[in-house]
Amino acid sequence: MTVLVTGSAGHLGEGIVRTLRAAGRPVLGLDAKASTLTDRVGSILERTFVRECLDGVSAIIHAATLHKPHLATHSFQDFVDANVTGTRILLEEAVAANVECFVYTSTTSVFGRALSPGPEQPAVWVTEELTPEPKNVYGLTKLLAESLCELFHRRHGLPVLVLRTSRFFPEADDDVAVRSSYEPANVQANEMLYRRVDIEDAVNAHLLALEKAASVGFGRYIVSATTPFALVDLAELSIDAQGVVNRLFPECEALYAARGWKPFPTIGRVYVNQLARSGLDWEPKYDFRHVLESLRENRDFHSALARVVGSKGYHDRKFDEGPYPVA
């Protein structure tokens, strides 16, 4: 099975191509930008180019996208073109080429405003049942692309699985208040409690989705580290997250203090990966307990793959106000 991976110059795409190559599996990397992991350079908006790339391909992982950082540099129409029209062309050509399965990389950003609890409300328990409320064109176009995937499954029988991934990039947080109060590793450690996934686990979820697509047909899955929190913690998380963390992990306080780190004072959402774990037989290795074990042993809590892929940035130019000027 030759796998076409779009977005092979990006964080996730590179991770997928690296992993497939290391396993000796045939893979073709496609991206608009050249890279050592990209075999074909071009746009998914060019139908002839896409058709040529699909010759001999049995499966597609569509990870290419314009995402939140590009709101600073790209137009509304750019997002529609890349995220919606590009996905439609890939789906149409996949059907024409008799591709066996299609895995679409979506995002938890499709939930948008649904992720923010009201005043004095408990944290939001985020499962696949939560109704998306996109708050910008990024989330909107990713949700539209998900719907296209479902439509093509229903009309053409193409097996398609949608993975709504949480954060896996290593770049500094875009929120200036967070950047000024926490170092990046502290932020990412905290996020492993509720809204982050290590890239190795994200890659493995995509590869398992390839195996499961034919038997599932169509499905949506949240891909995030396994949270230690339960429904009974939600009210307290919204007012005293540090108290919950210290109760569940008494050793956290000392391990954090040794590095000058601190938990977030409140947490307003919790991503739940139960459906992905059961439906894809996915067993993510990296969670907050792993973070603490790594701190205890004085080693990096990120996977080896995360370290190899590293930081890529988002734009060719630098912004004075942070990694990208998007609120």
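Where a number appears in this text, it was derived from the coordinates with a stated rule and is not lab data. Computed from a prediction, not measured in an experiment: that's the story for all the values here. Counting neighbours? That spans all protein chains shown, and the Cβs are built from the backbone with ideal geometry, glycine included.
Given a 10 angstrom Cα cut-off, can you work out which residue in T127, T87, T105 is the most mobile in a GNM of the chain?
Residue with maximal mean-square fluctuation among T127, T87, T105: T127.
Calculate one ³J(HN,Hα) per residue across the range 151-158 by plugging θ = phi - 60° into the Karplus curve 6.51 cos²θ - 1.76 cosθ + 1.60, and present them in order as whole Hz with x for glycine and proline.
Whole-Hz 3J(HN,Hα) from phi for the range 151-158: 4, 5, 5, 5, 7, 10, x, 5.
Determine, for each peptide in 151-158, 297-304, 273-280, 88-95, the mean count of other beta carbons within 10 angstrom over its residues, then list the peptides with the highest first.
So the order, starting with the most tightly packed, is 88-95, 273-280, 151-158, 297-304.
Roughly how many nanometres apart are two label points built 7 Å out from the Cα toward the Cβ at E183 and V308?
About 2.7 nm, to one decimal.
Quick check: residue separation of V41 and R247 times 0.36 nm, minus the Cα distance between them. What number comes out in nm?
Net length gain for the segment: 69.1 nm.
When the chain is modelled as a GNM with alpha-carbon springs shorter than 10 Å, which of V80, V308, V291 fluctuates the most?
Looking only at V80, V308, V291, the largest GNM fluctuation is found for V308.
With +1 on each Lys and Arg Cβ and -1 on each Asp and Glu Cβ, how big is the dipole of the range 1-119 about its Cα centre, in debye rounded to the nearest 20?
My answer is approximately 340 debye.
Considering the options L161, I222, V245, tell which one lies farthest towards the positive end of the dipole of the chain, charges being +1 on Lys and Arg and -1 on Asp and Glu at the Cβ, about the Cα centre.
Among L161, I222, V245, the one farthest towards the positive end of the dipole of the chain is L161.
Taking the Cα centroid of the range 33-83 and of the range 231-285, what is the distance between the two, rounded to the nearest whole Å?
After rounding, the separation between the Cα centres reads 35 Å.
Projecting each Cα onto the charge dipole of the range 85-132 (Lys/Arg +1, Asp/Glu -1 at the beta carbon, about the Cα centre), which of V103, G86, P122 comes out farthest on the positive side?
Most positive-ward Cα: P122.
Placing +1 at every Lys and Arg Cβ and -1 at every Asp and Glu Cβ, with all other atoms neutral, what dipole size does the range 3-309 have around its Cα centre, in debye to the nearest 20?
Dipole about the Cα centre, nearest 20: 220 debye.
Note down the magnitude of the dipole of the range 68-191 about its Cα centre, charges +1 on Lys and Arg C-beta and -1 on Asp and Glu C-beta and zero elsewhere, to the nearest 20 debye.
Working: 10 positive and 17 negative charges, 48 e Å.
Dipole size: approximately 240 debye.
Between R154 and S58, what FRET efficiency comes out of the Förster formula 1/(1 + (r/R0)^6) with R0 = 25 Å and r the beta carbon distance, rounded to 0.05?
0.70
What ranking, highest mean first, results for peptides 117-123, 28-34, 141-147 when packing means the other Cβ atoms within 10 Å averaged over each residue?
141-147, 28-34, 117-123
Taking every DSSP beta bridge that has both residues in the chain, what percent is antiparallel when rounded to the nearest 5? Write out the running numbers ahead of the final one.
On the way: 1 of 32 bridges.
Of those bridges, close to 5 percent are antiparallel.
Cα-Cα over 28 Å: which of K212/K285; K262/K285; K285/K312; K33/K68; K212/K312; K142/K312?
Over 28 Å Cα-Cα: K212/K312.
First select every other residue whose beta carbon is under 11 angstrom from the beta carbon of A32; then total the charges, Lys and Arg +1, Asp and Glu -1.
Local charge sum for A32: 0.
Amide H neighbours of A64 under 5 Å, at least 5 residues apart or on other chains, H built in the peptide plane: list them.
Those qualifying (amide H under 5 Å, at least 5 residues apart or on another chain) are T6, G7.
For the chain, set up a GNM with springs between Cα atoms under 10 Å and report which of A254, A172, A225 has the largest fluctuation.
A254
Under a 5 Å amide H to amide H cut-off, with H placed in plane at 1.01 Å, what residues pair with V223 once short-range neighbours are removed?
Sorted by chain and number, the residues that satisfy this are R164, T165, S166.
Can you give me the relative contact order of the range 3-309 as a percent, contacts being Cα pairs under 8 Å and 6 or more apart?
Answer for the range 3-309 is 18 percent.
What FRET efficiency comes out for the pair Q77/I239, r = Cβ-Cβ distance, R0 = 56 Å, nearest 0.05?
0.85
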